[in-house]
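No lab work stands behind these numbers, since they all come straight from the coordinates. Bear in mind the structure is a predicted one, so any value in this text is a computation, not a measurement. Every residue, glycine as well, gets a Cβ built from its backbone with ideal geometry; the counts of neighbours run over all protein chains shown.
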Amino acid sequence: MSGIVFLRTREFERVVAFYLERVGMTVWLEQPGIAILRHGNLLLGFNRQEAADTEGVFTFFYETRDGVNAMYERLADIALNPPRENAKYRIYHFYARDPEGRSIEFQQFLHPVQFEPGRA
């Protein structure tokens, strides 16, 4: 089963450019007023609207600590904290915010998880 998380955005061009250029997502599909972006098996759809959906957290995960550190280097100017270990959840992670204020997390699991081929 597959799926897409759709979000309304007031700043369509700015938000799409952020996820493409700063986060490294790719365009999966474009439709009028909609951009569906891909990162591994995550599909995010942004829909141009007069209001923005800004609740929740998007988590991008990486197989290695180096992947998280590389994203921190790219996003240090908007990061809320430097990467750190969280013993409770056995992750290494940091948080940032996108141009409309959505919470985004970049993490590595510190315990075994199965990655799909082609994962980030």
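Summary table
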| quantity | calculated |
| --- | --- |
| Sequence-distant residues sharing a close amide H with residue 49 (under 5 Å, placed H) | 9, 10 |
| Inter-label distance, nm, simple model (7 Å from Cα along the C-beta direction), residue 74/residue 11 | 1.8 nm |
| Gain upon complete extension [residue 31, residue 114; 0.36 nm per residue less C-alpha separation] | 26.6 nm |
| Mean projection area, nm², convex hull over Cα of the chain | 7.8 nm² |
| Alpha-carbon Rg/Rh ratio, for region 54-115, with Rh computed the Kirkwood way | 0.96 |
| Intensity falloff of region 1-51 expressed as log10 I(q)/I(0), Debye formula with alpha-carbon point scatterers, at q = 0.24, 0.26, 0.33 Å⁻¹ | -0.86, -1.00, -1.39 |
| Helix 65-75 vs. the chain, principal-axis angle (Cα, 0 to 90°, nearest 10) | 40 degrees |
